[in-house]
Amino acid sequence: MAARIVITGAGGQVGRFLAGEAARQGREVAALTHAQWDIADPKAAERFVAEGDLVVNCAAVADVDAAEADPDTAHAVNVTGPENVAHACARVGAQMVHISTDYVFSGEQRHPYDVGDQTGPLSVYGRTKLAGELAVLAAMPDATIVRTSWVYTGTTGNDFVAVMRRRAATDGTVDVADDQTGSPTYVKDLVDALFEVGQGRIREPVLHVANEGACSRFEQARAVFEELGADPDRVRPVSSAQVARRAARPVYSALSMALSVRAGLTPPRPWRAALAEALGEPFDDGQLPSTP
């Protein structure tokens, strides 16, 4: 592991959790928010990246509908920004890990996507994240892309599990799409994998990191209610068409970790086990940017 971990996008859920865990492990951390380091600025990286650093790029326009409404900003942050970071890391001899997404896939297949499966993003968010992957690897071929899926803390902000946790604590019903399937990923398990990648032993250019198994958003919401002792029948299934969204989402985007495990990552635990642990943590109703 590098002597210092440099985190972009440290105000988001992954960046915040990664920074906190690195500090708890006694590592030297430079956790930089967008206000501190705008990765779309081509010269900014020179102020923050040094030889031997591990740079984890968590910065992104991750709100899928916001990206659809403002494609120029999405491109600047999701494509140009990661490319800038990669060039800087390559120049000084730093290691780079770039976080990407299951939304690079079209959702047309019905079994978990492996690394080599054909991409086909449906939204500005997905297209810019895929372009960002390509830009990073072109600028720095030994960088590592980590695609993940449906990331949540469950304890803060507006991620799906945190929102369902709030709803479970109230009365009434909640309508949730039952025709979108993915691999829920607890942020702790993603961060543990990032530390493994940071050790430098895994040389694959693209990895998938997600908890094992797949479910619909409806099934995930019911699981949250069940784990909290709320009535899961308060969660009602609806189609995606009934939930007005600006950007299209893949109807199936579960990720396979088969190649990642073969490459040396720890095999993932089932998503329900990870969810149970997440919901056992204290709830902090701070607000963070929403996730896909």
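The values are calculated or read from the model by the stated rules, or taken from the named source; none is laboratory data. Computed from a prediction, not measured in an experiment: that's the story for all the values here. Heads up, the Cβs are rebuilt from the backbone with ideal geometry, glycines too, and the neighbour counts pull from every protein chain shown. Only protein heavy atoms, including side chains, enter the accessible area calculation; ligands, DNA and RNA are left aside. Shrake-Rupley method; radii C 1.70, N 1.55, O 1.52, S 1.80 Å.
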Could you check segment 61-96 and list, in sequence order, the residues that are in contact (Cβ under 8 Å) with a residue 60 or more places away in the chain and on the phi > 0 side of the Ramachandran plot? none
When segment 114-151 is checked residue by residue, the ones that are over 15 Å from Ser253 (Cβ atoms), charged (D, E, K, R) and under 14 Å from the mean Cα position of the chain (by Cα) are Glu133
Segment 142-158 - residue that is assigned to a loop (DSSP other than H, G, I, E, B) and either without any contact (Cβ under 8 Å) to a residue 60 or more places away in the chain or more than 15 Å from Met257 (Cα to Cα) (or both) and, of those, most open to solvent (accessible area, probe 1.4 Å): Asp142
Of all residues in segment 180-234, which are over 16 Å from Pro267 (Cβ atoms), among the polar types (S, T, N, Q) and part of a loop (DSSP other than H, G, I, E, B)? Gln180, Gln199
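Could you identify the single residue in Pro205, Pro250, Pro237, Pro268 that is surrounded by 20 or more Cβ atoms within 10 Å (Cβ to Cβ) and either touching a Leu at 6+ places or on another chain (Cβ under 7 Å) or over 29 Å from Gln25 (Cβ atoms) (or both)?
Details: Pro205 fails: surrounded by 20 or more Cβ atoms within 10 Å (Cβ to Cβ); Pro237 fails: surrounded by 20 or more Cβ atoms within 10 Å (Cβ to Cβ); Pro268 fails: either touching a Leu at 6+ places or on another chain (Cβ under 7 Å) or over 29 Å from Gln25 (Cβ atoms) (or both).
Being surrounded by 20 or more Cβ atoms within 10 Å (Cβ to Cβ) and either touching a Leu at 6+ places or on another chain (Cβ under 7 Å) or over 29 Å from Gln25 (Cβ atoms) (or both) holds for just one of Pro205, Pro250, Pro237, Pro268, which is Pro250.
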Given the options Arg91, Arg47, name the one that is of a type in the set (Lys, Arg) and more than 17 Å from Met140 (Cα to Cα). Arg47
Would a scan of segment 125-132 turn up a residue that is in contact (Cβ under 8 Å) with a residue 24 or more places away in the chain, in contact with a Pro (Cβ under 8 Å, 6 or more places away or on another chain) and not in a helix (DSSP H, G or I)? no
